[in-house]
Amino acid sequence: MPKETSKYSVIATGVSKVYKMSESLEVDALTAVSFKLKQGEFVAIVGPSGSGKSTLMNILGTIDKPTSGEVYIDGIPTSKMNGNELAEFRNKKLGFVFQSYNLITGLDAEKNVELPLMTASLSDSDRRDKAQKLLVRLGLGERLKMRPTQLSGGEQQRVAIARALVNNPALILADEPTGNLDTHSGDEVIKLLKSICRDGHVTIVMVTHNLDIAKYCDRIIHIKDGKLEKQEVLA
């Protein structure tokens with residue numbers, strides 16, 4: 001284990017992923033990718049289609065495991081965990097924000113935000129209070145009882161961000177979070193994510209194809225042909 005794990009929210013060391021397509025065909029999706037992310041950094045991952053961005057995000061999100069190498073999140077090595085350990089780890093340490101919001105249409109905003117807390121040892125009132133405070137903080141205090149279909153795209157994404165934050169994660173993974181939004185709403189969501197990094201000391205990793213959006217970040221990691229091509233430090 002790297003000695004400096006306590007200094008960083010995320011450490012990727014030599015992460016490679018090989019997909020075996022057949023007996024004679026293997027595809028190198030990632031090759032020896034290494035980087036370190038400090039607590040509170042807002043980082044964009046960019047690259048052409050098929051570059052390995054989604055594979056890297058899946059590994060960071062513990063949805064997939066590297067063929068070799070290791071990812072440390074909040075000082076914890078993730079590649080050797082079993083299914084139950086991974087599920088608990090994701091619930092406690094990770095938050096996810098998706099392009100399509102992934103809200104439950106039959107539940108109001110408040111209940112959607114409460115979902116990750118259902119396995120926590122909290123009373124109904126404590127879960128409700130925590131969800132309400134987050135939604136008020138994100139400017140949705142008058143939308144608590146509205147269902148996703150009653151909210152604009154930008155409001156739905158704010159609910160999704162509140163849901164990602166509710167368990168106080170070490171890392172939030174955002175997959176094209178502005179992809180379904182108009183320019184104004186997209187800018188507002190990115191500014192919100194940036195403020196969350198600053199105020200809550202949460203690390204956010206975002207995949208985006210939009211370089212104008214990526215420029216809001218502290219750093220841009222460029223992936224090409226499964227390799228880390230370069231990193232740009234913007235802040």
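For this structure, a couple of remarks:
- Restricting the stretch 105-143 to residues that are surrounded by 13 or more Cβ atoms within 10 Å (Cβ to Cβ) and assigned to a loop (DSSP other than H, G, I, E, B) leaves a set whose member that is modelled with the lowest pLDDT is A120.
- Residue satisfying condition, being under 16 Å from the mean Cα position of the chain (by Cα), assigned to a helix (DSSP H, G or I) and farther than 15 Å from S100 by Cβ, within set C197, C217: C197
- Scanning the stretch 2-23 for residues that are part of a loop (DSSP other than H, G, I, E, B) and modelled with pLDDT of 75 or more turns up M21, S22, E23.
- The condition of being touching a residue at least 24 places away in the same chain (Cβ under 8 Å) and touching an Asp or Glu at 6+ places or on another chain (Cβ under 9 Å) holds for only one of L173, L192, L181, L165, that being L181.
- V189 being farther than 24 Å from D129 by Cβ and touching a Pro at 6+ places or on another chain (Cβ under 7 Å): yes
- Taken over the stretch 53-81, the criterion of being in contact (Cβ under 8 Å) with a residue 24 or more places away in the chain, of a type outside the set (F, W, Y), in a strand (DSSP E or B) and on the phi < 0 side of the Ramachandran plot is satisfied by S68, E70, V71, I73, P77.
- All conditions in (1) under 20 Å from the mean Cα position of the chain (by Cα); (2) touching a residue at least 12 places away in the same chain (Cβ under 8 Å); (3) on the phi < 0 side of the Ramachandran plot hold for T31, with the sole exception of (1).
The values are calculated or read from the model by the stated rules, or taken from the named source; none is laboratory data. Everything quoted here is computed from the prediction, not taken from an experiment. Counting neighbours? That spans all protein chains shown, and the Cβs are built from the backbone with ideal geometry, glycine included.
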